[in-house]
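Participant: Take a look at the following structure, please.
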Amino acid sequence: MTWSAAARGAHQPDNTAFTQQRLPAWQPLLSAGITLPLFFCAGLAFLGLGLGLYYSSNAIQELEHDYTGDADAGSCAACAAQGQGRAPPPPCSCSWHFTLSELFPGPVYLYYELTGFYQNNRRYGVSRDDAQLSGLVSALRHPANECAPYQFSAAGLPVAPCGAVANSLFNDTFSLWHQRQSGGPYVEVPLDRAAIAWWTDYHIKFRNPPLVNGSLALAFRGTAPPPNWRRPVYELSPDPNNTGFVNQDFVVWMRTAALPTFRKLYARIRQGNYSAGLPSGAYRVDIAYNYPVRAFGGHKLLVFSNISWMGGKNPFLGIAYLVVGSLCIVVGFVMLAVYIRYQDQDDDENDDE
Amino acid sequence: MIDTPTSPITSGLPLFFVITVTAIKQGYEDWLRHNSDNEVNGAPVYVVRSGGLVKTRSKNIRVGDIVRIAKDEIFPADLVLLSSDRLDGSCHVTTASLDGETNLKTHVAVPETAVLQTVANLDSLIAVIECQQPEADLYRFMGRMIITHQMEEIVRPLGPESLLLRGARLKNTKEIFGVAVYTGMETKMALNYKSKSQKRSAVEKSMNTFLIIYLIILISEAIISTILKYTWQAEEKWDEPWYNQKTEHQRNSSKILKFISDFLAFLVLYNFIIPISLYVTVEMQKFLGSFFIGWDLDLYHEESDQKAQVNTSDLNEELGQVDYVFTDKTGTLTENEMQFRECSINGIKYQEINGRLVPEGPTPDSSEGNLSYLSGLSHLSNLAHLTSSSSFRTSPENENELLKGHDLFFKAVSLCHTVQISNVQSDGIGDGPWQSSLASSQLEYYASSPDEKALVEAAARIGIVFIGNSEEIMEIKILGKLERYRLLHVLEFDSDRRRMSVIVQACSGEKLLFAKGAESSILPKCIGGEIEKTRVHVDEFALKGLRTLCIAYRQFTPKEYEEVDRRLFEARTALQQREEKLAEAFQFIEKDLILLGATAVEDRLQDKVRETIEALRMAGIKVWVLTGDKYETAVSVSLSCGHFHRTMNILELIHQKSDSECAEQLRQLARRIKEDHVIQHGLVVDGTSLSLALREHEKLFMEVCRTCSAVLCCRMAPLQKAKVIRLIKISPEKPITLAVGDGANDVSMIQEAHVGIGIMGKEGRQAARNSDYAIARFKFLSKLLFVHGHFYYIRIATLVQYFFYKNVCFITPQFLYQFYCLFSQQTLYDSMYLTLYNICFTSLPVLIYSLLEQHVDPHVLQNKPTLYRDISKNRLLSIKTFLYWTILGFSHAFIFFFGSYFLMGKDESLLGNGQMFGNWTFGTLVFTVMVITVTVKMALETHFWTWINHLVTWGSIIFYFIFSLFYSGILWPFLSSQNMYFVFIQLLSSGSAWFAIILMVVTCLFLDVVKKVFDRHLHPTNTEKAQMYSNTVAFSDEFIALQPLSRARDHLSRLSLLKQMQVSSAWTPCAASQEKQQARLLEECWSEP
């Protein structure tokens, strides 16, 4: 066990800064003298930042509407009642009317929000096959075991896309109508459904299986759609560039949310007359009410929001900065008082010595 | 099968890593061992087989083989010497590699085999060796050889003197033949290889306690999660909503099984709270950190070219925890460099001045002037002290007379010893402890005991020169006249008898026994001589701190000698209980002695012993001196080395004969201490009283001892020393003990104490070999404890606490997340992060911290021993600080998690393009904040920022970012899930996330900084005060500028004053003069105001 010294024999150790533990070093001390200015500076900086963040969050407008239809008398209540206890619930449509008294500045984003929906449940979250979604043919035929019970259909065909996440794809659809003058006709507001998913997810991570004879439908032959789906995956959208696994709605859904209350981007409103926002007037949202949430006590909401550089309306950050900043300053003052007081005492002690 | 939330690799990889690192370290050591094994096993040796000399490998030697060894070769096995190239069958060996004793040892063969000097002769030898079972004691061997010689059986005893130990080296002898008796693992050397002390440090013990607490936390978290999971899942809408159906198999599995598997799954999920990498980091830290001791120039002793030696790295931090120091006296406090000073011959006291004996005492022949003249000259003639014997002859007549009167005394001195002579012959040796640079007429004495050497040298100076011993003849020259004595027997020294004797036959045929030993072992055996006067003189010598030996002789009648011879022979050949029988025989022989006189030898105090002991005391360490010496000598050395002060009230517990008396005395002492608690008390105990006190009145005795600031135990047997330490160790406060010693008699105490320090002194290296740390001088103890010990303790304490902290930070968010995911065991972080957190992202800063941290300047630590009290009693690892760190970890974890949670709010978009994050982004946000916070927290703990610290601290954070960018930037073909794809980049593209990261990091550290600053200013520890001062001085110019004006002015004036002042020299040798300067300034800074 004499690995350090004895092995090399008794010789004079090297006189280097490292062996003598004399490396040049900066030796800061957390004394009040240094931390006080730091506290005040940081406190002021945080207050400033907090104010900025708070106002920039406050400038963001948000309009949300719960269309689950269990309590209010909205037109969706009928759909909710109709779908109660039936699986799958029958197609139903309802609408939500609202009026904007002034311009809702754009660009406006349309989100749907679900509550009480645990996309972060482990059993749910792992129930997917990324290999299949990347267009791997072998995975298409043999979905991963994690997908069970949505791995093979009752007929024994592999499910594509397999798994609970895909099976529970949100399938309400919305269209927005604007009445420019009261009593006038409703004009459909164009909803930009492109680029609602991460660019990398849409373009790289998700891939359709190679086309067979130029047809996506043939590529998916021999697979079954998830049991809850009304259409096979290759018919998700009539747009050939937005169908199959590479469908914006599908890709958005497949990025599972962190918490049981979550929003997903549905569309942007930035085209035509609406690039500056939603002008004042009456609006109607037509909802294809398909998605059952009342079974698990969840809610469905529609959210119009505009976005700043920091994202949606989120006062937390600004408030938190303000709180921490003012704490810094308060503690700074307390520390200063203590410092001055004990400084004197310290000096007295020194004098006594 | 249990459905694990993380893949086995995720948890397995860190474990694998830990095991790999440990395996590499162990493997490296093994490889070294293997190499040296191969070297030893493959060494060529010559063995006598079937009438010839056969070359073979040393691993092929079997018991009973006759092996030939040439000069300077190492013995490959334990051999019984059969013959050498000398007629008397003797050979010289050195056992330096075994016990470090550099003197030549003579081994002799049995006369019957000594004549068999050729292979052919040896081949005809028929003999049987009987010997004891293999045993580790290097100095014990018992056996006998039955030689069948011309149909007649001759039985010869074998002792250690005929056993050549494996590992020893043949010297001065051309070749020898020996028969292997123990080979391989049965050799004494191999038996001594036993893995040394399995000492555990206090830090390790508290580490284990903490681990158990964390295990409890882990299990309770898992239980809570499991229970909550099932209360939650009672409702079907949570357990199995339509979007998340179970498989048939999951539905049908038994409830209990599911419960158990869920519990286990939670254990797997939370297992990271147990810092597995802690052990490997601690081990690395200790292994690498211990190099600094060996490297330290301040622990390097130039004269002997010895640096400090670390035999175990497990106890580094224990050096910072010492409560009691037990030190040996001779060779530890003193130089163990004996100088003959005085003697008492036939009741007359003499003093040696310039190689001449001058009588002193009541009838001084020499006048005062003469004496002072001589002493004035002494420094001039010092060089001539050890010149050749010719100069002795110039002594005047009165010395001749002196010799005539007392020749028996000096003969005894020059005959009764085991000194070796290195007469520089033609076949002299170039290596070894002696150098042949001296003139050929010069005699050099080598002895295992420095006392003997000093005595023989002194006798030579007086005029009786010991010339040598060969073939049982001892030659001495008395004033040029040669006299021969036949050496009949040597009754070796042992520590029980505390004496040795020789039996010699003079030319006239008379047989004499000369005995030499401690006064307590000689005087009772004397029946004649000036016993009383000598006793008085011996006490006087002892008062001066001299080491005394008494010399006596006995003349045998032929009849008596026969009896003696027979008894000795019987005892020496006995196979059973030889030692007891020998002791009995010695007892019989060494009696009816006639006292000749006593000698007094001075043993100089080592350098800086007084300062070191004073410093130890200031550090709150109790110093006990344990010595085998006489009461008077011990007390006087104690006084001169500052162990006892003049102002101390010295209590005595000596010469106790009975239990009751001892108890009474103890009670009285306790009362005296209670009455007088103002002044310090010192206690002197002697061996016999101690054993009485310990037998019945342990409690009382310990109480007295604990209230005394200095304790001196004299007349201690080696095992008693160890026993005292054990008693202190198990006393209720469980103090940490440290033992310092240099000799073989200190080994037991060194091994008993928590930390054993060996002094690499003159009495061989046995203590150094058995110690945990070996240093060259006692004074190095102060640097070893106050600087290295303090540093190691701070380093490891922070390391341990930090490890627990960072794992709490790591896993608590995971636990909290379960409340938001229906306790479904969803991991918050990606599995790669789970794996690499402890291995890569947070491992290096703490390791580097634990190697380089210096919270206070080393010179300050050394010059201000009171700082040592700040870390005593394992203070930094108390439950209180542990709780602080754990709660800090929890609160940080809450801040990470809920900060991120509230940031998500109702899941508003955090991106400028309105897109949404998912659960992995959430986890990555928490993880990022955590890595930064935990690293910066380490930075807050660091006081000593070298470039390496900067590199690893900022490097770790940068590495995390680069790694994450890379990891999330690619679709990894071998991973089954691509959860992390572009998550990190998306996170960083969010402005809110950046603001949140900054906010959370600052908030976490805010609490900590506030606490630190308030602690520092409201109730600073001495260490913190020292930090303030050292910083002010070390960075005087920049830092004064930052201080409030009043203070700055104060300091400036103080410093400028200092510069003009003549400062006393700091007693530490500092490597750099500039630092020395600083240290001095510091010292002044404290003492001045």
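The values are calculated or read from the model by the stated rules, or taken from the named source; none is laboratory data. If you're wondering where the values come from, they're calculated on a predicted model, not measured in any experiment. Cβ sites come from the backbone with ideal geometry, for glycine too, and all protein chains shown count toward neighbours. We work out accessible area using only protein heavy atoms, side chains counted, and drop any ligands, DNA or RNA first. Shrake-Rupley method; radii C 1.70, N 1.55, O 1.52, S 1.80 Å.
Participant: Determine, yes or no, whether B:I260 is more than 14 Å from every other protein chain (Cβ to nearest Cβ) and within 29 Å of B:K199 (Cβ to Cβ).
Facilitator: Judged against the criteria, B:I260 is not a match.
Participant: Would you pick out the residues in the stretch A:176-201 that are assigned to a strand (DSSP E or B), farther than 21 Å from B:N913 by Cα and open to solvent by less than 40 Å² (accessible area, probe 1.4 Å)?
Facilitator: A:H178, A:Q179
Participant: In the stretch A:314-331, which residue that is buried (at least 18 other Cβ atoms within 10 Å of the Cβ) and within 8 Å of another protein chain (Cβ to nearest Cβ) is farthest from B:F1006 (Cα to Cα)?
Facilitator: For the stretch A:314-331, the residue satisfying everything is A:N314.
Participant: While we're here: Residue by residue through the stretch B:296-309, note down the ones that are assigned to a helix (DSSP H, G or I) and either surrounded by 24 or more Cβ atoms within 10 Å (Cβ to Cβ) or within 7 Å of chain A (Cβ to nearest Cβ) (or both).
Facilitator: Residues satisfying the conditions are B:L297, B:L299.
Participant: For the stretch B:188-292, which helices (runs of 4 or more DSSP H) that fit wholly inside it have 3 or more residues that are open to solvent by 30 Å² or more (accessible area, probe 1.4 Å)?
Facilitator: Answer list for the stretch B:188-292: B:202-232, B:236-239, B:248-252, B:255-270, B:276-289.
Participant: Of the residues that sit in the stretch A:145-165 and are crowded, with 19+ Cβ neighbours inside 10 Å, under 18 Å from A:R122 (Cα atoms) and in contact with a helix residue (DSSP H, G or I) (Cβ under 7 Å, 6 or more places away or on another chain), which one is nearest to the other protein chains (Cβ to nearest Cβ)?
Facilitator: Out of the qualifying residues, it is A:A164.
Participant: Let me ask something else about it. Could you look through the stretch A:166-220, keep only residues that are within 30 Å of A:L103 (Cβ to Cβ) and charged (D, E, K, R), and pick out the one that is farthest from the other protein chains (Cβ to nearest Cβ)?
Facilitator: Residue satisfying both the conditions and the ranking: A:R180.
Participant: If you don't mind, there's one more thing I want to ask. Six or more apart or on different chains, Cβ under 8 Å: which pairs go from a residue in the stretch B:884-904 that's over 18 Å from B:D1015 (Cβ atoms) to one that's among the aromatic types (F, W, Y) and open to solvent by 10 Å² or more (accessible area, probe 1.4 Å)? Could you list them?
Facilitator: Taking only residues 6 or more apart or on different chains, the pairs are B:Y901/B:Y820; B:F902/A:F316; B:L903/A:F316; B:M904/B:F917.
Participant: Now a separate question. Output the number of residues of the stretch B:120-134 satisfying the condition of being more than 46 Å from the chain's Cα centre (by Cα), open to solvent by 30 Å² or more (accessible area, probe 1.4 Å) and aliphatic (A, V, I, L, M).
Facilitator: 3
Participant: If B:L543 passes every condition in (1) in contact with a Gly (Cβ under 8 Å, 6 or more places away or on another chain); (2) surrounded by fewer than 20 Cβ atoms within 10 Å (Cβ to Cβ); (3) under 30 Å from B:H643 (Cα atoms) but one, which one does it miss?
Facilitator: (1)
Participant: Within the stretch B:66-87, is there a residue that is in contact with a His (Cβ under 7 Å, 6 or more places away or on another chain), modelled with pLDDT of 80 or more, not acidic (D, E) and not assigned by the TED database to the domain that holds B:M760?
Facilitator: yes
Participant: May I pose another question? Any residue that is more than 18 Å from A:I307 (Cβ to Cβ) and surrounded by 16 or more Cβ atoms within 10 Å (Cβ to Cβ) - is there at least one of those in the stretch A:263-278?
Facilitator: No, the stretch A:263-278 contains no residue that is more than 18 Å from A:I307 (Cβ to Cβ) and surrounded by 16 or more Cβ atoms within 10 Å (Cβ to Cβ).
Participant: How many residues does the stretch B:310-327 hold that are outside any loop (DSSP other than H, G, I, E, B), farther than 18 Å from B:D870 by Cα and either among the β-branched types (V, I, T) or open to solvent by 10 Å² or more (accessible area, probe 1.4 Å) (or both)?
Facilitator: So the count comes out to 2.
Participant: Follow-up. Can you pull out every residue in the stretch B:793-822 that is in a loop (DSSP other than H, G, I, E, B) and either in contact with a Phe, Trp or Tyr (Cβ under 9 Å, 6 or more places away or on another chain) or closer than 17 Å to B:S11 by Cα (or both)?
Facilitator: B:Y820, B:C821, B:L822
For every residue, the table says whether it meets (1) more than 30 Å from A:A267 (Cβ to Cβ); (2) open to solvent by 10 Å² or more (accessible area, probe 1.4 Å); (3) more than 7 Å from every other protein chain (Cβ to nearest Cβ).
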{"site": "B:T924", "(1), (2), (3)": "no, no, yes"}
{"site": "B:I932", "(1), (2), (3)": "yes, yes, yes"}
{"site": "B:T935", "(1), (2), (3)": "yes, no, yes"}
{"site": "B:F944", "(1), (2), (3)": "yes, yes, no"}
{"site": "B:S968", "(1), (2), (3)": "no, no, yes"}
{"site": "B:L971", "(1), (2), (3)": "no, yes, no"}
{"site": "B:Q978", "(1), (2), (3)": "no, yes, no"}
{"site": "B:G991", "(1), (2), (3)": "no, yes, no"}
{"site": "B:T1003", "(1), (2), (3)": "yes, yes, no"}
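Participant: In addition: Residue by residue through the stretch B:135-153, note down the ones that are open to solvent by less than 50 Å² (accessible area, probe 1.4 Å) and modelled with pLDDT of 85 or more.
Facilitator: Within the stretch B:135-153, B:F141, B:M142, B:G143, B:M145, B:I146, B:I147 qualify.
Participant: Considering the stretch A:78-131 alone, what residues qualify as being in a loop (DSSP other than H, G, I, E, B) and surrounded by fewer than 17 Cβ atoms within 10 Å (Cβ to Cβ)?
Facilitator: A:Q84, A:G85, A:R86, A:A87, A:P88, A:P90, A:P91, A:S101, A:E102, A:L103, A:G116
Participant: Oh, and also: Considering only the stretch B:821-829, I want to know if a residue exists there that is out of contact with any Pro (no Cβ under 9 Å at 6 or more places or on another chain) and either at negative phi or surrounded by fewer than 22 Cβ atoms within 10 Å (Cβ to Cβ) (or both).
Facilitator: no
Matching residues to (1) outside the structural domain of A:F333 (by the TED database); (2) at pLDDT below 85; (3) more than 30 Å from B:N316 (Cβ to Cβ):
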site	(1), (2), (3)
A:A10	yes, yes, no
A:Q20	yes, no, no
A:W26	yes, no, no
A:Y55	no, no, yes
A:D66	yes, no, yes
A:G69	yes, yes, yes
A:H97	yes, no, yes
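Participant: List the strands (runs of 3 or more DSSP E) inside the stretch B:649-755, counting only whole elements, that have at least 1 residues being acidic (D, E) and open to solvent by 30 Å² or more (accessible area, probe 1.4 Å).
Facilitator: Passing ranges, in order: B:649-653.
Participant: Still on this structure, please answer the following. For the stretch B:935-967, which residues satisfy the criterion of being in contact (Cβ under 8 Å) with a residue 24 or more places away in the chain and within 24 Å of B:S7 (Cβ to Cβ)?
Facilitator: B:F959, B:Y960, B:F963, B:S964, B:Y967, listed by residue number.
Participant: Out of the stretch B:889-910, which residues are within 22 Å of B:M207 (Cα to Cα) and either within 37 Å of the chain's Cα centre (by Cα) or within 10 Å of chain A (Cβ to nearest Cβ) (or both)?
Facilitator: Matches in the stretch B:889-910: B:G889 only.
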